[in-house]
Amino acid sequence: MYNKIILAGNLTRDVEIRYTQGGSAIGNTAIATSRKFKSQTGEQKEEVLFVDLTFFGRTAEIANQYLRKGSKVLVDGRLKLDQWTAQDGTKRSKHSVTVENLQMLDTKGQSEQMAAQGGYNTPQAQNTYSQPAPSQSAPQAAPQQQQQTPVQNIPEIDINEDEIPF
């Protein structure tokens with residue numbers, strides 16, 4: 001089966017971060033997305049959807065450091081159904097997204113404006129942060145010759161220090 005969701009929108013609140021006993025970061029926030037359409041009567045309408053987001057690991061720490069309420073983001077991840085029993089005994093449920101990849105969409109100008117208002121700095125637009133891939137053990141039967149081959153033709157990258165998110 002395939003479970004993948006992609007959302008773009010604005011955060012509805014600051015990222016709340018906590019740590020497990022093992023030291024792993026977990027961040028929680030929500031995103032608001034909207035869709036504009038014309039009704040059958042020709043009236044212009046807007047439908048707004050609010051979805052809770054959960055970040056893990058380094059992505060949670062980056063989100064907590066650089067994102068604030070109103071930040072524009074693009075996230076993709078897995079859709080999850082959360083179920084619980086409320087204090088009054090009723091069964092409750094909601095959908096949320098476990099984020100696997102995060103892209104910050106604010107431009108540098110918007111980031112600087114928000115920094116003046118909220119006291120934070122965000123990196124240049126289009127920075128992507130992903131959950132680390134599960135580590136797989138390297139095949140032990142690999143020839144020694146492959147491991148000793150030096151990597152050549154590595155291009156030099158010109159990076160402005162203001163664009164580095166850490």
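So that you can scan it fast, the table gives a plain yes or no per residue for (1) of a type in the set (A, V, I, L, M); (2) at pLDDT 90 or above; (3) under 21 Å from R13 (Cβ atoms):
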site	(1), (2), (3)
L67	yes, yes, yes
D82	no, yes, yes
K91	no, yes, no
D106	no, no, yes
P132	no, no, no
S135	no, no, no
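Taking first residues from the stretch 50-77 that are farther than 12 Å from G27 by Cβ and partners that are part of a helix (DSSP H, G or I) and not aromatic (F, W, Y), the Cβ contacts under 6 Å between residues at least 6 apart in sequence or on separate chains come to R68/G118.
Per this entry, Y19 is not counted among residues that are buried (at least 17 other Cβ atoms within 10 Å of the Cβ), under 22 Å from N101 (Cβ atoms) and either free of Cβ contacts under 8 Å to residues at least 12 places away in the same chain or of a type in the set (S, T, Y) (or both). Here S71 meets the list (1) more than 18 Å from L105 (Cβ to Cβ); (2) touching a helix residue (DSSP H, G or I) at 6+ places or on another chain (Cβ under 8 Å) almost entirely, failing just condition (1). Considering the stretch 61-87, and only residues there that are within 8 Å of the chain's Cα centre (by Cα) and crowded, with 19+ Cβ neighbours inside 10 Å, the residue that is nearest to T20 (Cα to Cα) turns out to be A63. For the stretch 22-40, the set of residues classified as assigned to a strand (DSSP E or B), surrounded by 10 or more Cβ atoms within 10 Å (Cβ to Cβ) and not hydrophobic (A, V, I, L, M, F, W, C) consists of G27, N28, T29, T33, S34, listed by residue number.
The values are calculated or read from the model by the stated rules, or taken from the named source; none is laboratory data. Bear in mind that the values here come from a model prediction, so they are computed numbers and not experimental data. Cβ atoms come from the backbone with ideal geometry, glycine included; neighbour counts cover every protein chain shown.
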